[in-house]
1. Which value at 222 nm does the chain reach when only helices count, each DSSP H run of 4 or more adding -39,500 (n - 2.57), with the total divided by all residues and rounded to the nearest 500 deg cm²/dmol?
2. What is the sum of charges, Lys and Arg at +1 and Asp and Glu at -1, for the other residues whose Cβ falls under 12 Å from the Cβ of residue 116?
3. Output the relative contact order of the chain, whole-number percent, from Cα pairs under 8 angstrom with separation of 6+ residues.
4. For a quick size check, give me the Cα extents of the chain along its three principal axes, largest first, whole Å.
5. Could you list which residues have their amide H under 5 Å from that of residue 70, counting only those 5 or more apart in sequence or on another chain, with H placed in the peptide plane?
Amino acid sequence: MRPDVRADFSYPRRQQGGHAQHMILITGATGTIGSDIVRQLVTEGVVVRASTRDPERAEFPAGVEVVRVDYRDPATFGPAMVGIEAAFLVGVPGPDDTGTDAALVAAAQVAGVRRVVKLSAVGTGDPRLGVPGSWHVPGEQAVRDSGLEWTILRSNTFASNTFSWIEPLRDGHPVPNLTGDGSQAVVDPRDVSAVAVAALRSSEHHGRTYTLTGPDLQTGRDQAAVLAEVIGRPIAVTDIAEADARAFMVAAGLPPAFVAGALTGQSFIRGGHNELVTDDIARVLGRPPRSYANWAADHRAAFAGMTVPS
Ligand SMILES: NC(=O)c1ccc[n+]([C@@H]2O[C@H](COP(=O)([O-])OP(=O)(O)OC[C@H]3O[C@@H](n4cnc5c(N)ncnc54)[C@H](OP(=O)(O)O)[C@@H]3O)[C@@H](O)[C@H]2O)c1
């Protein structure tokens, strides 16, 4: 371990009398969490390098350095890590992943990156979650074994997943409930990003695995009721049986291994196994996590003008 490995850099260091800049690499920077981390870091004056497979197309705030990273092309990992203080790792875990996180960690080690923060998922390592519960395990292990400072963020289901309701609502259809009476404390992705920012900027979170949840247990129907209240229109909900969910995903052309994983995840929630609320967000951020009602209110415009299902 390098002697300076525990030093904090909890203030922006754009340029310090000829010293190297302290830059943070965000992978998955066009995604839900990565894009919000980029926004938050830029607001805080931190120097950011954002990775995407398509730098020509991606849009980032002014001043952000853009680099091409493609998980199918590990040769792109090394250049992205050069000159980086801390790296945020968003793999695309699933049946097709071939060790992306481990390869990113190896590139970080070679480049002398000090700190890595990995986005993982709630239920990782829980045998009841079966195969999808194993998807993040190798990546988490690579991060823990790296010898670098590390933090793992096991996020719960994002509140923003209900953006998928926009289409059925627009078409006048009920929204699908795939998880029956199972409830979960969905998390506002902005809170996940805020915790990531804290972990990327300080050694304080080294060696921690945080489980990030919202404040309230809610079923899919509960969430629909909250959203209906926010948008001022009724939202009809239809329960989807597992066999129908499977048929729908197969018809949509999704790979069998992905379909099996998704169904296992839904069954895990339906069985009440994801009914946990943690205080990790409050402990890191010093304030309670945002509620689903709060997320819905802040995204009301995205659901505006929806047809009322008959
Ligand atoms: N959704 C949930 O409820 C939930 C809950 C817990 C944990 N998670 C975890 O969150 C992670 C996904 O994060 P997210 O939702 O923020 O991402 P996202 O919105 O799904 O976006 C995916 C990101 O990954 C990048 N990407 C995809 N394939 C890539 C490849 N081959 N090479 C390089 N980059 C690639 C994309 O970048 P470009 O397209 O620009 O290249 C994009 O920025 C997953 O690990 C998932 O397990 C999700």
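Bear in mind that the values in this text are calculations on the coordinates, not laboratory data. Just so we're clear, the structure is a prediction, and the values are computed from it rather than from any experiment. Positions of Cβ are generated from backbone atoms using ideal geometry, with glycine treated the same way; all protein chains shown enter the neighbour counts.
1. Details: 11 runs with 105 residues, N = 310.
The per-residue figure over the chain is -10000 deg cm²/dmol.
2. On the way: positive: 114, 115, 118, 144; negative: 85, 101, 140, 145, 149.
That works out to -1.
3. Working: 605 pairs, mean separation 55.1, N = 310.
With pairs under 8 Å counted, the relative contact order is 18 percent.
4. For the chain, the Cα spread along each principal axis is 66, 39, 36 Å.
5. Placed amide hydrogens put 76 under 5 Å from residue 70.
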